[in-house]
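Below you'll find the structure, written out as structure tokens, and then a few comments.
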Amino acid sequence: MNALAATNRNFKLAARLLGLDSKLEKSLLIPFREIKVECTIPKDDGTLASFVGFRVQHDNARGPMKGGIRYHPEVDPDEVNALAQLMTWKTAVANIPYGGAKGGIGCDPGELSISELERLTRVFTQKIHDLVGVHTDVPAPDMGTGPQTMAWILDEYSKFHGYSPAVVTGKPIDLGGSLGRDAATGRGVLYATEALLNEYGKSISGQRFVIQGFGNVGSWAARLISENGGKIVAISDVTGAIKNSNGIDIPSLLNHAKEHKGVKGFEGGNPIDPKSILVEDCDILIPAALGGVINKENANEIKAKFIIEAANHPTDPEGDEILAKKGVVILPDIFANSGGVTVSYFEWVQNIQGFMWEEEKVNKELKTYMTNGFKDVKEMCKSHNCDLRMGAFTLGVNRVARATVLRGWEA
């Protein structure tokens with residue numbers, strides 16, 4: 001089942017639990033606007049190259065739309081639609097005043113020079129500048145983009161609308177980016193895990209973790225979990241996987257990964273088959289890489305008691321069912337990885353106020369949002385007698401539905 005089908009399925013189950021009428025249900029699913037533009041740039045060798053850029057703006061009932069821009073060769077419209085919709089529910093679960101959006105350009109950023117990427121980003125911004133904005137739609141980085149991409153968008157947008165730092169988040173600190181943004185998703189994973197374990201009278205300390213993925217989210221989650229006394233027994237990334245039953249030394253691994261562009265060859269652990277990472281023996285499994293990795297093929301073999309979804313859509317519905325029967329507790333992506341968008345919201349707030357916060361304040365506010373978010377999800381689980389995934393979906397869908405009705409938008 002692809003990401004769009006799975007997201008639609010979860011939405012429909014939530015709508016049924018909430019007893020939404022069919023007209024409202026239908027109007028909540030339809031995107032507000034889909035934008036598709038051609039971006040032609042001169043390449044460094046003087047030839048012209050054309051790329052397709054797009055933006056799906058899903059819903060703005062609760063505030064400006066929010067979501068990443070990815071540069072990737074296979075940008076699938078269905079996937080972007082699913083991710084835009086997911087952002088609508090995710091911002092509602094986090095209780096921040098945004099709707100959902102997603103976009104990108106179909107290109108391979110590795111094949112383009114820095115100056116070609118800059119020209120492409122500026123042309124894309126020229127094409128969509130009147131459809132995004134501080135109070136309309138606020139983009140952010142995603143796969144293949146980063147703070148530098150956001151800096152180019154900000155500069156190009158500002159040529160048309162005056163200096164507007166709040167038009168994008170995930171910017172460099174020197175242009176109004178927020179302290180703590182880099183670690184935000186991983187730190188949110190830590191706070192979410194703490195809140196969940198607290199329910200079971202446990203703490204991070206002494207638990208054994210396995211983390212799939214050692215990019216931004218996986219590496220920050222690993223660092224923060226080990227600082228809080230968690231024992232990380234196995235880690236994988238695109239280069240390979242390593243295991244150490246006594247716990248991996250994370251600071252050393254971070255240095256190794258920086259130097260060797262990955263975890264492969266790290267001497268503080270034994271190499272294992274990356275395919276086996278999800279079924280290694282542990283208490284808590286954190287998939288922090290790709291979607292669809294936990295499915296009917298491997299769900300039966302998973303030994304973890306808790307799964308914290310740091311990646312988007314790592315568990316497919318069939319995997320979900322198998323794990324539920326086994327009594328595995330899954331903290332869903334829509335809540336578990338919302339630390340990033342929450343700190344993006346803090347960045348936007350700081351830019352609008354023209355007043356920047358200390359990193360300590362950013363982290364303290366993030367902890368408050370994640371802790372309250374978990375309580376709200378648990379309340380929905382109680383009132384609808386459902387698991388955490390449905391608890392989070394009903395919470396998000398209910399908040400968007402209420403805003404839609406209050407604004408007089410229902411069909």
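The values are calculated or read from the model by the stated rules, or taken from the named source; none is laboratory data. Treat the numbers as computed from the prediction; the structure is a model and nothing was measured. Positions of Cβ are backbone-derived with ideal geometry, glycine not excepted, and every protein chain shown enters the neighbour counts. Areas reflect the complete protein model, heavy atoms only, side chains present, ligands, DNA and RNA absent. Shrake-Rupley method; radii C 1.70, N 1.55, O 1.52, S 1.80 Å.
Structural remarks
- For segment 358-411, the tally of residues that are touching a Phe, Trp or Tyr at 6+ places or on another chain (Cβ under 7 Å) and farther than 17 Å from Ile334 by Cα stands at 2.
- A single member of Ile330, Ile334, Ile286 is assigned to a strand (DSSP E or B), in contact with a Leu (Cβ under 7 Å, 6 or more places away or on another chain) and touching a residue at least 24 places away in the same chain (Cβ under 8 Å), and it is Ile330.
- When Ala184, Ala166 are checked against the criterion of being of a type outside the set (D, E, K, R), farther than 21 Å from Thr368 by Cα and surrounded by 17 or more Cβ atoms within 10 Å (Cβ to Cβ), Ala166 stands alone in meeting it.
- Residue match in segment 129-137 (condition: crowded, with 17+ Cβ neighbours inside 10 Å, in contact (Cβ under 8 Å) with a residue 24 or more places away in the chain, under 22 Å from the mean Cα position of the chain (by Cα) and assigned to a helix (DSSP H, G or I)): no
- Residue check, Val37 farther than 23 Å from Arg399 by Cβ, assigned by the TED database to the domain that holds Asp108 and assigned to a loop (DSSP other than H, G, I, E, B): no
- Within segment 305-361, the set of residues being on the phi > 0 side of the Ramachandran plot and either of a type in the set (Val, Ile, Thr) or surrounded by fewer than 23 Cβ atoms within 10 Å (Cβ to Cβ) (or both) comprises Gly327, Gly354.
- Meets criteria (assigned to a helix (DSSP H, G or I) and open to solvent by 20 Å² or more (accessible area, probe 1.4 Å)) for Val397: no
- Residues of segment 177-236 satisfying the condition of being charged (D, E, K, R), outside any loop (DSSP other than H, G, I, E, B) and closer than 26 Å to Ile153 by Cβ: Arg187
- Qualifying position, being in contact with a strand residue (DSSP E or B) (Cβ under 6 Å, 6 or more places away or on another chain), touching a residue at least 40 places away in the same chain (Cβ under 8 Å), closer than 21 Å to Ser338 by Cβ and of a type in the set (Gly, Ala, Ser), among Gly170, Gly180: Gly170
- Of all residues in segment 8-47, those that are open to solvent by less than 60 Å² (accessible area, probe 1.4 Å), among the hydrophobic types (A, V, I, L, M, F, W, C) and under 30 Å from Thr125 (Cβ atoms) total 6.
- The listed residues are Gly104, Gly100, Gly146, and the only one of them that is of a type outside the set (Asp, Glu), open to solvent by less than 30 Å² (accessible area, probe 1.4 Å) and on the phi > 0 side of the Ramachandran plot turns out to be Gly104.
- Test for Ile69: is it surrounded by 22 or more Cβ atoms within 10 Å (Cβ to Cβ) and over 30 Å from Glu365 (Cα atoms): no
- Only one entry of Ser158, Ser164, Ser178 meets the criterion of being farther than 22 Å from Gly110 by Cα, of a type in the set (S, T, N, Q) and in contact with a Leu (Cβ under 9 Å, 6 or more places away or on another chain), and that entry is Ser164.
- Cβ-Cβ contacts under 7 Å between residues 6 or more apart (or on different chains), taken from a first residue in segment 251-266 that is part of a helix (DSSP H, G or I) to a second residue that is open to solvent by 30 Å² or more (accessible area, probe 1.4 Å) and among the basic types (Lys, Arg), are listed as Leu254/Arg223.
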